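Worksheet: one structure, shown below.
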Amino acid sequence: YQGHFSWEKYLKETGAVAAPPHCFRQSTTPPVNEFKAGMKLEAQDPRNTTSTCIATVVGLTGSRLRLRLDGSDNKNDFWRLVDSSEIQPIGNCEKNGGMLQPPLGFRLNASSWPMFLLKTLNGAEMAPARIFHKQEPPAPEQNSFQVGMKLEAVDRKNPHFICPATVGALRGVEVLITFDGWRGAFDYYCRYDSRDIFPVGWCALTGDNLQPPGTKGADYSKSLSTAWLEGTIGGPGRPISKPRGKLPASWSQKVQQNPTDPIKIP
Ligand code: MLY
C-alpha cells in the first residue's frame with residue numbers, strides 16, 4: 001500500500017523553508033548507483049572504524065548501498081552512499097600497506113580469519129573500481145544551517161529510513177536533527193557536513209522512499225491536517241504502518257516500507 005508525501009504542500013502548510021543545497025555535503029546530482037546485490041567491496045567497520053573489512057552489497061536504495069560485513073551477522077547491516085570514502089574496491093587496503101580485518105563480532109574463532117578471508121574472496125563478484133566515485137563531495141566551508149530549516153535525514157535508529165526533518169538547534173559545527181511528527185527519541189546531533197542529511201527533494205531524485213512525517217507533536221498537530229499527504233483516505237494514522245495516497249506531482253515520493261528491511265521496534 002503506497003502513499004505520497006508532498007514537500008511542496010508541506011512547506012506551504014508549515015510555512016517553513018528548505019535548507020539550501022549549499023548547506024550540505026552532497027553532490028547536486030545524486031551519484032549514480034551501478035552496484036548490484038552480491039558484489040563485494042572493502043568497507044570501514046562502522047563499529048570499529050580503524051579496521052577495513054570485506055562487505056557484501058545486500059541491498060540498494062537510491063544512491064545508497066545496504067552493506068553486510070562478511071563474517072558478521074545479519075543484525076548489523078549499515079548503509080553507505082555510493083560516493084562515500086568509507087567504501088573502496090577490493091585490493092585498496094593491501095595496496096596501501098594495510099591488512100583486511102575480521103569484523104567486530106566475527107562469528108568464528110579469530111584464528112580462522114585468514115582461511116575465512118580466502119574462502120569469502122574465492123570466486124566472489126568484486127565490485128569493479130570504475131563504479132566507485134573518485135571522491136566525496138567537498139564539505140561546505142561552514143555551517144550555514146539555520147534553526148527551523150527543513151531537510152531529509154537518515155533516521156539513525158532505523159537507518160533504512162530517510163525522513164522529513166527540521167533543524168532543531170545549532171551547536172558550533174553541529175546541527176540538531178529532529179524528525180517531523182516524531183517525539184525527541186530519534187533526534188541526533190551531527191556535523192553540518194554529515195553524509196546522513198540531504199536537501200529537500202533528494203529522495204525524489206534518487207528514487208528513495210521518503211517517509212511521511214509522523215503525527216505527533218509537530219506544528220500541524222492541532223489541526224491534524226494532512227493536506228501534505230496526497231490522496232489520504234480516512235484520518236491520520238501511523239505513517240510507518242499505514243502509508244497511503246495516490247500518484248504524485250514531481251515533488252512527491254513513493255512511501256513504501258521495504259518488506260525486506262527488518263524493522264526495529266524501539
Ligand atoms: N519502531 C518505530 C519506527 C519509527 C521510525 C521513526 N522515524 C521515522 C523517525 C515505530 O514504528 O514506532
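The values are calculated or read from the model by the stated rules, or taken from the named source; none is laboratory data. Keep in mind it's a predicted model, so treat the numbers as computed, not measured. Ideal geometry is used to build each Cβ from the backbone, glycine not excepted, and the neighbour counts take in all protein chains shown. All accessible areas refer to the heavy atoms of the entire protein, side chains included, with ligands and DNA or RNA removed. Shrake-Rupley method; radii C 1.70, N 1.55, O 1.52, S 1.80 Å.
Below is a table of values for the structure above.
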{"quantity": "Unmet criterion (only one of (1) open to solvent by less than 40 Å² (accessible area, probe 1.4 Å); (2) within 25 Å of ASN158 (Cα to Cα); (3) part of a loop (DSSP other than H, G, I, E, B)) for LEU100", "calculated": "(2)"}
{"quantity": "Residue that is nearest to the ligand (Cβ to nearest atom), among those in the stretch 126-173 that are open to solvent by less than 30 Å² (accessible area, probe 1.4 Å), assigned to a loop (DSSP other than H, G, I, E, B) and of a type in the set (A, V, I, L, M, F, W, C)", "calculated": "PHE161"}
{"quantity": "Hits in the stretch 1-47 - residues which are surrounded by fewer than 21 Cβ atoms within 10 Å (Cβ to Cβ) and of a type in the set (D, E, K, R)", "calculated": "GLU8, LYS9, LYS12, GLU13, ARG25, GLU34, LYS36, LYS40, ARG47"}
{"quantity": "Filter result (open to solvent by 20 Å² or more (accessible area, probe 1.4 Å) and not basic (Lys, Arg)) within the stretch 48-76", "calculated": "ASN48, THR49, THR50, THR52, THR56, VAL58, LEU60, THR61, GLY62, ASP73, ASN74, ASN76"}
{"quantity": "Test for ALA185: is it within 13 Å of the ligand (Cβ to nearest atom), in contact with a Pro (Cβ under 9 Å, 6 or more places away or on another chain) and open to solvent by 20 Å² or more (accessible area, probe 1.4 Å)", "calculated": "yes"}
{"quantity": "Residues (among the aliphatic types (A, V, I, L, M) and closer than 22 Å to GLU125 by Cα) located in the stretch 15-46", "calculated": "VAL32, ALA37, MET39, LEU41, ALA43"}
{"quantity": "Residue match in the stretch 29-52 (condition: charged (D, E, K, R), closer than 19 Å to ALA204 by Cβ and not in a strand (DSSP E or B))", "calculated": "no"}
{"quantity": "Residue count, the stretch 25-58 (criterion: out of contact with any Gly (no Cβ under 9 Å at 6 or more places or on another chain), closer than 30 Å to GLN142 by Cβ and not basic (Lys, Arg))", "calculated": "11"}
{"quantity": "Members of the stretch 188-201 found to be buried (at least 22 other Cβ atoms within 10 Å of the Cβ) and either at pLDDT below 95 or within 16 Å of the ligand (Cβ to nearest atom) (or both), listed by number", "calculated": "ILE197, PHE198"}
{"quantity": "Some residue of the stretch 211-219 being modelled with pLDDT under 80 and open to solvent by less than 50 Å² (accessible area, probe 1.4 Å)", "calculated": "yes"}
